[in-house]
Structures are given as structure tokens and as C-alpha cells.
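The values are calculated or read from the model by the stated rules, or taken from the named source; none is laboratory data. This is a predicted model, so every value here is computed, not measured. Don't worry about glycine lacking a Cβ; one is built from the backbone with ideal geometry, like all the others, and counts go over all protein chains shown.
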Amino acid sequence: MNFENILVTITDGLAKITINRPKKLNALNSATINELSTAFETLEDNIAVKTIIITGSGEKAFVAGADISEFANFTTEEGEKLARLGQESLFDLIENLSTPVIAAINGFALGGGLELAMACHFRIASDNAKMGLPEVSLGVIPGYGGTQRLPQLIGKGKAMELIMTATMISADEAKQWRLVNYVVPQNELLPLAEKLAGKIMRNSSVAISAAIRAINDNFKDGINGFETEIVEFGDSFSTDDFKEGTTAFLEKRKPNFPGK
Ligand code: COA
């Protein structure tokens, strides 16, 4: 896949997306959002891809936010369109992907950058990372799902505080608040992401996709996640992965999941 603002590699079922605008601290302009959207759709359609890692290029930033220079003169309608298009084409897409997505936060994850990381299925960070939703310091509010996903992840009171104060928190603080699962030195960040991806990829990709759907349904209005779990659980019994997983267990060998 050839893009101008991102790099995509695939090795042994593991895809890595690197946002590659280091001079602009990997800020999300609309071209980058479009490219990310295309990359995620393409990787989701590729049955050989079992896990995706997303990170930022350089040592300073994951993503320092939406590109402020692009929306500085926007009208109300243009602002709304920017948020709607971004949410629908990228942030919601990632959250609902059936392929697991790990955000490897290698530096600043601010505004749209933290919102991007929060749309991923889980996050790990390097010890130099700083996270926050500073939008109100610019006179706007988070527009890529931040007001919804931050309270889901860290609770309403702390989310209110972080958004109102526009404060940046350290990686360690982010871990205390369960915004990220692990904090490691920067040179260990991608190896850790790859190790976690390796553990994921040993399991049934079909079952993992079903688990993602069931977990996500917990957070959707008017949808009973327990019911989703019951139906997805039942559906698992007719997959080839289930046959292989249970047979391998009974034969005391490691499973070799066909992924269907
Ligand atoms: N949008 C557009 N450009 C951005 C950007 C953003 N969100 N964040 C950083 N950049 C650009 C800077 O304008 C600068 O470009 P230039 O060299 O052409 O002037 C370059 O990236 C480097 O950033 P700089 O501010 O010089 O780095 P720094 O180390 O002094 O500060 C930050 C780093 C992250 C604290 C600072 O860049 C910042 O506050 N960025 C905006 C964060 C934000 O508010 N994000 C939410 C947007 S809704």
C-alpha cells in the first residue's frame, strides 16, 4: 500500500501503521485521515492480517492532534462535517473493526491523537508519552469521540477534569487511570506491542472478532451486550476454529486455527 502520510507494513499476519508526518508531530490533516481510513478498510479485508499496531513516526509524537491549521477558519457547518466525517470514516471504523488494533503511543497523544488511540481496542505507551484533550484551550471541544470514549475508559469525573482543564497527563498517570495498559521505555514499546500481538494471534481470530463485537455492544445505547454475548457464544459452536480449538485441547496439542 502506497500512501503519502502513513506507512503500512505487513509481516507474518501483523500489520503496522505508522503515521508519518514527524515535522508536524504527526498531526491529523484530512489527507492523513483519508489514508488511515483506506488502510484500515484494506487491512480488515485482508484475511491474512490478524492484528494491527498503530504508532507515530519519530520519538516525539504519536499524534499531536487534529491539524489546527486546516480548521482555523471553519464555519459551524464545516466544523460539524469535519467531526461527523472523521468519526464515521475512521474513529468508529477502528473501534468496530473485527481485527484487533493496538495503539502504541510513542509520545504526545493530544486531541485527535488521544481520540485515535482511544478508538483502538487497547493502548500501551512509552514513558515519555503525554496525553490529553486540550481542545477547550483552543475554544472548541473534542470532536472525534473524545467526550464519549474518555469517560468510558477513565470514568466521568476524571474525564470532566481532564477535558475542562485541558491538562496533559504523563504516561504513568495514564496507566493509573487505566487509559493505557502498560508503560515501557520508548525502545521497548514496539517490541511489547509485537509481543502482545503475538499472544493475540495464537488464538482464534473468529472468536476474537466475536468478543470485540460483544464488548463494544456493552457501550451502545439500546443494545443489550449480554444478549450479543449469548448469540455470539452460540455462533462460535459452528466455526471451524471451535472444532480445531477443542480437538487440539483433547489431543493435548497446540491448535492451528483455520480462522473461519
Ligand atoms: N496541528 C497542526 N500543526 C501542529 C500540531 C497540530 N495539532 N501540533 C504540532 N504542530 C506543528 C507545529 O505547528 C510545528 O510546526 P512548524 O514547525 O511548521 O511551526 C511542529 O508541529 C512542531 O510543533 P511545536 O509546537 O514547535 O513543538 P513543541 O515541542 O514546541 O510543542 C506540543 C509540542 C505538542 C506541545 C505543541 O505542538 C502543541 O501544543 N500542539 C497542539 C496540541 C493541540 O492542541 N492538539 C489538539 C488539537 S484539536
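Points to keep in mind about this one:
- Among the residues of segment 116-139, those that are more than 9 Å from the ligand (Cβ to nearest atom) and buried (at least 23 other Cβ atoms within 10 Å of the Cβ) comprise 116, 117, 118, 119, 123, 124, 125, 126, 129, 131.
- Tabulated pairs, segment 23-43, first farther than 16 Å from residue 88 by Cα, second within 8 Å of the ligand (Cβ to nearest atom) and of a type in the set (Phe, Trp, Tyr), C-beta under 8 angstrom, 6+ apart or interchain: 25/108
- Qualifying residues in segment 59-70 (those that are surrounded by 14 or more Cβ atoms within 10 Å (Cβ to Cβ) and of a type in the set (Gly, Ala, Ser)) - the one farthest from the ligand (Cβ to nearest atom): 61
- Residue satisfying all of: in segment 217-241; assigned to a helix (DSSP H, G or I) and of a type in the set (S, T, N, Q); farthest from residue 256 (Cα to Cα) among these: 228
- Those residues of segment 248-260 which are in a helix (DSSP H, G or I) and surrounded by 13 or more Cβ atoms within 10 Å (Cβ to Cβ), in sequence order: 248
- Residue match in segment 140-149 (condition: at pLDDT 95 or above, hydrophobic (A, V, I, L, M, F, W, C) and on the phi > 0 side of the Ramachandran plot): no
- Qualifying positions in segment 25-42 - farther than 22 Å from residue 114 by Cβ and out of contact with any helix residue (DSSP H, G or I) (no Cβ under 8 Å at 6 or more places or on another chain): 38, 42
- Criterion: under 30 Å from residue 11 (Cα atoms), crowded, with 16+ Cβ neighbours inside 10 Å and either of a type outside the set (Asp, Glu) or at pLDDT 95 or above (or both) - qualifying residue of 198, 245: 245
- Residues of segment 71-86 satisfying the condition of being surrounded by 16 or more Cβ atoms within 10 Å (Cβ to Cβ) and over 11 Å from residue 116 (Cβ atoms): 71, 82, 83
- Screening residue 87 on (1) within 12 Å of the ligand (Cβ to nearest atom); (2) over 19 Å from residue 8 (Cα atoms); (3) of a type outside the set (A, V, I, L, M); (4) modelled with pLDDT of 95 or more shows it passes everything except condition (1).
- Inspection of segment 31-38 finds a residue satisfying the criterion of being over 28 Å from residue 201 (Cα atoms) and among the aliphatic types (A, V, I, L, M).
- Enumeration of residues in segment 1-48 that are in contact with a Leu (Cβ under 7 Å, 6 or more places away or on another chain), of a type outside the set (A, V, I, L, M), closer than 17 Å to residue 61 by Cα and away from the ligand (no atom under 16 Å from the Cβ): 18
- Search result, residues across segment 6-58 that are hydroxyl-bearing (Ser, Thr, Tyr) and either buried (at least 20 other Cβ atoms within 10 Å of the Cβ) or not in a helix (DSSP H, G or I) (or both): 9, 11, 18, 32, 51, 55, 57
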